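Note sheet for the following structure.
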């Protein structure tokens, strides 16, 4: 698994504009949140709030 700094470098190198974050809720349904790649560093450090 890449480190956060390696992941950020790959995102920049590949000019990725958006990141899809997927997870399952407590009943097993897949949920998705899309963030701009500029927010990835903050997301890795502080997490993401979702509703």
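The values are calculated or read from the model by the stated rules, or taken from the named source; none is laboratory data. Just so it is clear, the model here is predicted, and its values are computed rather than measured. When we count neighbours, we look across all protein chains shown, and the Cβ atoms used for this are built from the backbone with ideal geometry, even at glycine.
Any idea which residue in segment 3-21 is surrounded by the most Cβ atoms within 10 Å (Cβ to Cβ), counting only those that are in contact with a helix residue (DSSP H, G or I) (Cβ under 7 Å, 6 or more places away or on another chain) and not in a helix (DSSP H, G or I)? The residue in question is 19.
One line per residue, one yes/no per condition, for (1) on the phi < 0 side of the Ramachandran plot; (2) out of contact with any strand residue (DSSP E or B) (no Cβ under 6 Å at 6 or more places or on another chain); (3) modelled with pLDDT of 95 or more:
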position: 5; (1), (2), (3): yes, yes, yes
position: 8; (1), (2), (3): yes, yes, yes
position: 14; (1), (2), (3): yes, yes, yes
position: 19; (1), (2), (3): yes, no, yes
position: 23; (1), (2), (3): yes, no, no
position: 26; (1), (2), (3): yes, yes, no
position: 34; (1), (2), (3): yes, no, yes
position: 40; (1), (2), (3): yes, no, yes
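Picking from residues in segment 22-51 that are assigned to a helix (DSSP H, G or I) and in contact with a helix residue (DSSP H, G or I) (Cβ under 9 Å, 6 or more places away or on another chain), the one that is surrounded by the fewest Cβ atoms within 10 Å (Cβ to Cβ) is 45.
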